[in-house]
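The values are calculated or read from the model by the stated rules, or taken from the named source; none is laboratory data. Please read all numbers here as calculations on a predicted model, not as lab measurements. Here the Cβ is made from the backbone with ideal geometry for all residues, glycine too, and neighbour counts use every protein chain on show. Surface areas here come from the heavy atoms of the whole protein model, side chains and all, with no ligands, DNA or RNA. Shrake-Rupley method; radii C 1.70, N 1.55, O 1.52, S 1.80 Å.
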Amino acid sequence: MFENLQDRLGSILNGLTGRGALSEADVSAALREVRRALLEADVALDVVRSFTDRVREKAVGAEILKSIKPGQMVVKIVHDELIEMLGGEGVGIDLHAPAPVVVMMVGLQGSGKTTTTAKIAHRLSTREKKKVLMASLDTRRPAAQEQLRQLGAQASIDTLPVITGQSPTDIAARAVQAAKLGGHDVVILDTAGRTHIDEPLMVEMADIKKRSNPHEILLVADSLTGQDAVNLARNFDERVGITGLVLTRMDGDGRGGAALSMRAVTGKPIKLIGVGEKMSELEEFHPRRIADRILGMGDIISLVERAAENIDAEKAAAMAAKMAKGKFDLDDLADQLRQMQKMGGMGGIMGMMPGMAGMKDKMAAAGLDDKLFGRQIAIIQSMTKAERANPDLLKHSRKKRIAAGSGTDAAAINKLLKMHRQMADMMKMMGGKGKGGMMKQMMSGLAGKMGLGSGMGGGMPDLSNIDPRQLEALQKQAEAAGLGKPGGGMPGLGGLPGGLPGLGGAKLPGLGGGFPGLPGLPKKK
């Protein structure tokens with residue numbers, strides 16, 4: 001979503017940080033470029049103007065600390081103002097009200113209201129152990145109520161039975177009553193949308209609000225619609241009174257201006273963002289983390305949280321037992337590749353690493369995209385059980401059969417086998433330290449760099465028990481340790497601008513020139 005803006009701001013601010021001293025003219029020239037970059041990203045003009053004015057005011061009058069270069073001071077001011085523009089602190093869904101808490105979803109047709117309703121219900125039931133009831137109030141769109149029922153069945157969430165002929169306001173009143181009788185903690189009302197804002201829609205929303213008395217009114221907006229989404233939020237807030245925003249399709253290739261403008265224009269917090277089609281792909285909106293990503297500082301906390309959700313504790317324990325005996329077969333390699341896919345693939349992981357966001361383009365140019373994982377898993381799945389357990393069996397005739405079964409060639413199979421040998425050797429060298437496999441070892445190193453490893457034997461901590469406030473504190477620790485500087489990278493990985501800690505101090509196995517066994521990354525000229 002923010003890649004173009006990230007590239008533009010990164011090059012502007014890197015130009016500043018390289019200088020020993022800055023004049024007012026330097027700051028003004030840089031801010032002109034920042035202003036242009038934000039306008040090109042579709043951020044509202046008045047928001048851009050107030051943003052650059054605040055940065056200029058602070059940058060020109062800033063006291064420069066002896067230990068910090070003037071350029072780094074400007075980067076910090078831009079970073080702080082970006083966080084302020086996005087809303088300062090993250091705000092979640094407020095459930096502090098007598099049960100059942102009524103959450104009303106509003107928005108235009110096609111913005112993803114129904115899917116988002118199911119995602120929120122799934123999130124509340126799995127993460128916060130709430131009993132949720134969903135009700136579709138959309139009597140206009142064909143099969144809208146059936147869609148919500150199917151999503152509820154898929155996510156094991158209760159849905160209100162459909163009674164034909166009822167008006168949206170009657171359905172809302174029945175949903176609240178059913179939630180009370182059924183002992184539900186939360187009831188989510190999925191209201192109807194229109195292709196555009198009109199008077200009948202606003203009257204209907206106001207009537208539903210009066211009948212159901214919602215504690216939260218969340219506006220669902222498509223982040224790809226740009227400034228239209230900002231106008232939409234302003235209109236809904238004036239007529240219905242929204243309490244927060246949910247932005248969908250944040251994984252798209254839009255310019256991201258809506259996300260940067262909406263909080264500043266409406267004064268309402270962005271509470272959640274949709275980052276994919278799956279039920280689990282809904283994240284809390286953290287202004288600091290988004291600002292870090294935009295300025296290329298990475299997002300360690302989200303990466304650690306994502307690892308905590310995706311690392312299978314039982315599989316990790318079983319793999320640790322195998323590695324203790326020096327065993328690492330092709331089934332284990334396939335598990336590691338699937339784990340990396342779940343975490344967003346190599347691109348997703350690199351995008352959250354401080355100073356590593358720029359590596360994504362180089363990796364793509366070298367053919368190291370996420371399709372590579374799929375091809376490698378296909379090769380492993382085309383082998384027999386005996387071949388996966390003992391790769392030495394793979395002679396020419398077997399490789400020919402596997403290549404035909406996986407749609408690859410012998411060269412790709414040889415690269416995979418070379419990667420496996422190098423990883424197996426590394427796992428043996430790690431011995432007991434390699435517990436949990438590549439992903440867990442990588443996250444353990446990150447956690448150790450941020451002070452999480454102390455008192456835990458240097459292993460991977462139980463991330464599910466970490467207090468969110470502690471995680472936020474870790475971000476500051478990471479910055480203090482030099483992990484949060486734009487372009488600063490991470491120590492310990494030879495051949496890359498920074499590195500991935502926790503991997504024996506050398507290289508992430510499997511990729512050439514820092515990732516052995518696959519085509520190397522293009523060298524800087």
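D185: accessible area at probe 1.4 Å, nearest 10 Å²? Its accessible surface works out to 50 Å², give or take rounding. With the simple model of a label 7 Å out from the Cα in the direction of the Cβ, I197 to H96 spans 3.0 nm. Can you compute the label reach from D228? Point 7 Å from Cα along the Cβ direction, backbone N cut-off under 17 Å, restricted to the range 184-198. Under cut-off, by backbone N: 193-198. Based on Cα contacts under 8 Å between residues 6+ apart, the range 28-177 shows a relative contact order of 15 percent.
Restricting to the range 148-291, what percent of DSSP beta bridges are antiparallel, rounded to 5? Mind showing how you got there, number by number?
Numbers: 3 of 11 bridges.
Looking only at bridges with both residues in the range 148-291, the antiparallel portion is about 25 percent.
Gain in length, R421 to S28, computed as 0.36 nm per residue apart minus the alpha-carbon separation, to one decimal in nm? Answer, rounded to one decimal: 136.0 nm. Between K385 and K428, the contour length at 0.36 nm per residue exceeds the Cα-Cα span by 13.3 nm.
Taking a threshold of 29 Å on the Cα-Cα distance, which of the pairs K325/K395; K325/K371; K129/K342; K76/K113 fall above it? Correct reply: K325/K371; K76/K113. Surface analysis of the range 123-226 yields an accessible area of 47 Å² per residue, using protein heavy atoms and a 1.4 Å probe.
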